1. Using label points projected 7 Å from each Cα along Cα→Cβ, tell me how many nm separate Leu595 and Glu475, to one decimal.
2. At a Förster distance of 25 Å, what's the computed FRET efficiency of His331 paired with Asn207, Cβ-Cβ distance as r, to 0.05?
3. Can you give the extra length, in nm with one decimal, that the chain gains between Glu522 and Arg626 once fully stretched, where that is 0.36 nm per residue apart less the Cα-Cα distance?
4. From the residues Cys28, Val388, Ile468, which one has its Cα farthest along the dipole of the chain in the positive direction, the dipole being from +1 and -1 charges on Cβ of Lys/Arg and Asp/Glu about the Cα centre?
5. Keeping the other protein chains in place, figure out the carbon and sulfur percent of the accessible area of the chain, with a 1.4 Å probe.
6. Using only DSSP helix segments of four residues or longer, with each worth -39500 (n - 2.57), what per-residue ellipticity at 222 nm results for the chain after dividing by its residue count and rounding to 500?
7. Give the angle, between 0 and 90 degrees and rounded to the nearest 10, that separates the Cα long axis of helix 544-567 from the longest principal axis of the Cα atoms of the chain.
8. When the C-alpha atoms of the range 477-589 are aligned to their principal axes, what extent does each axis show, in angstrom, from largest down?
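The values are calculated or read from the model by the stated rules, or taken from the named source; none is laboratory data. Keep in mind that this is a model prediction, so the values were computed, not measured. Neighbour counts are summed over all protein chains in view; Cβ atoms, including those assigned to glycine, are modelled from backbone coordinates with ideal geometry. These area figures cover heavy atoms from the full protein model, side chains too; ligands, DNA and RNA do not enter into them. Shrake-Rupley method; radii C 1.70, N 1.55, O 1.52, S 1.80 Å.
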Amino acid sequence: MALQNSFQAIFSNCWHTAENPCKFFIDCINKGQKCHQSQASNERVQRFKDELLLVYHDKPVILIGMGTCGLANGAQKVYNAFTDELSGMDVDIIQTGCVGYCAEEVIVDIKLPNQPRLTYCQVTPDDVPQLVEETIKNGQPVAEKVLAYYGNGQKITGWSDFSSITDIPFFSKQKKNVLDNCGVINPDNINQYLARGGYVALSKALNDMKPEDVIQEMLDGGLRGRGGAGFPTGLKWQLTANAKGDKKYVVCNADEGDPGAFMDRAVLEGDPHKVVEGMIIAGYTIGADEGYIYCRAEYPLAIKRLEKTIADATELGLLGDNILGSGFNFHLKIKKGAGAFVCGEETALLNSIEGKRGMPRPKPPYPSDSGLFGKPTVINNVETFANVPVLIRDGAEQYASVGTDGSKGTKIFALSGKVKNVGLVEVPMGTTLREIIFDIGGGIPDEKEFKAVQIGGPSGGALPESVINTPIDYESLKEIGAMMGSGGLVVMDETDCMVDLAKYFMTFIQSESCGKCIPCREGTKRLLEILERLTQSHRSEHSVEESMLRFQGMVYLERLSDVIKNTSLCGLGGSAANPVTSTLKYFRDEYEAHLYDRKCTAGSCRQLLTYKIDTDKCTGCTLCARKCPEDAILGERKKAHYIIDEKCIRCDQCRSNCKFDAIVVE
């Protein structure tokens, strides 16, 4: 049932529709009916909102996290199992986005009438019958599966003393401005978004503020672009609003191509209305009547939910013509990207929308003057637009109270790699890397030592333990040779090689280079060749000259990186060498070990390893010889074997199959 039809039954004589909009529609939902106001009407509205937000309900409700991370861990099978198990029972099952705690997926919340919402973690289809029997039917928790409960300290009547979800370490230091709805509401239900204050900022902007007032609020709030460079959002909007043009556009960059980054995807899957609301406000502010969301086709769930969001907002008169009776028109389209990393660069993205090859344009002119189809255009990423409703709704003063002097608000990070609590983290600007990795992330698993964290994806840098007390803000990260980037945080332990890491990112960057400018196209290729030589065995070299290329490449490594940085056409090319420069700065000893000793101290670069057999441990079982694909292991049965180094390809089959720990890797 559409929301306006629901409210027509609740309000007295409510006439708001998309065709006949009322400017007070959102205010009526949040503050009570303005026309024909009565206590009974306001009580009906509040009751309806309580039902939407599960404050009041008369039957059990099950909420299953079905973002991409949940689905990858089997959420669909869990959903199907609940559907089968609950056949004939009066229970609601609701799909939500990701709450952020990806390490504990599949996450299932069960809300019984008059009880707090209880969160179960690592749920499998085999757990479903027990959850239904004990919790749904008997009202008792399955204690070994409980993660926490939603509540502000209230105790669960008759239940064990579980922790509030805000008290567990993963969430206790987070501040959710953007992610507050993710994993909490059904992203396909616009009713729930409105009941939690959705589109209040849009109503405030249209009814109470002029475009220049919105710009000033954005400037006062200090919001900076969350896509990487951190350009002030209010200033970008101001430049576009002042630009001359008979047509203007708003573009959302949802082309999240960094390895290890999944922030934008989670927001679009869990709270797409917030992004759309931010785009509408941007359109009103700069005088645009059309917008595009550029989302890579690899995000089918995000695209599906965006399509539903646009359709529902249009039906409610929050998108389209004469929004909330203001006379402002704004239409939104989705453009699916083919997955090119370079299309994360704003001008390459614009070319792609226009149907051209995704290649960067020289700047100036900047998109604020000549963007999409040559018209003034505002381009921000998903997280930036999702911050806009928070800033406008709460006001610049409250928004700016969080963060540091130069970096206001919160930042979302995708925490992954060698860390216990993989997931999505939103923290105030100024939080240290150590707090994110060890307090929120839980530290390094398997009692390994922390070695480095790669921040900002390929464009960022690898940072050692000596700098992880650095507060996360744009200026501080720049001082230590890194950048915020889009927000990927990949944690590495003692078994990870920094030269191999630089080679991995350089392989990605070189393959994703659009090829338009020579420094990026050829320079990244040369950098990759140098790194490949450093990680290759001497057996791959056939002459003295070829061996000397390793030393020559090392001499030119930093100089070539500087040339790429200073002469590339776009920002992606300009930051392409960052993985090399940052690892050289903080882990030069590893480069020197690869160069001079042909040793990988982390034991990661396979071609530099030497496999030997400990003759004291070897029993002559012949298993390693039978598993070796190159017949590089010789020996008689029940006698110690040995490895012919020249034939060994470092496949690790011998070590992984040996039952006596007789294989030594150096």
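1. 3.5 nm
2. Values: r = 21 Å, r/R0 = 0.83.
That gives a FRET efficiency of 0.75.
3. 33.0 nm
4. With unit charges placed on the Cβ atoms, the residue in question is Val388.
5. Details: 13000 of 27430 Å².
Its accessible area is 47 percent carbon and sulfur atoms.
6. Values: 26 runs with 244 residues, N = 666.
Helix-only estimate at 222 nm: -10500 deg cm²/dmol.
7. 20 degrees
8. Extents along the principal axes: 43, 37, 23 Å.
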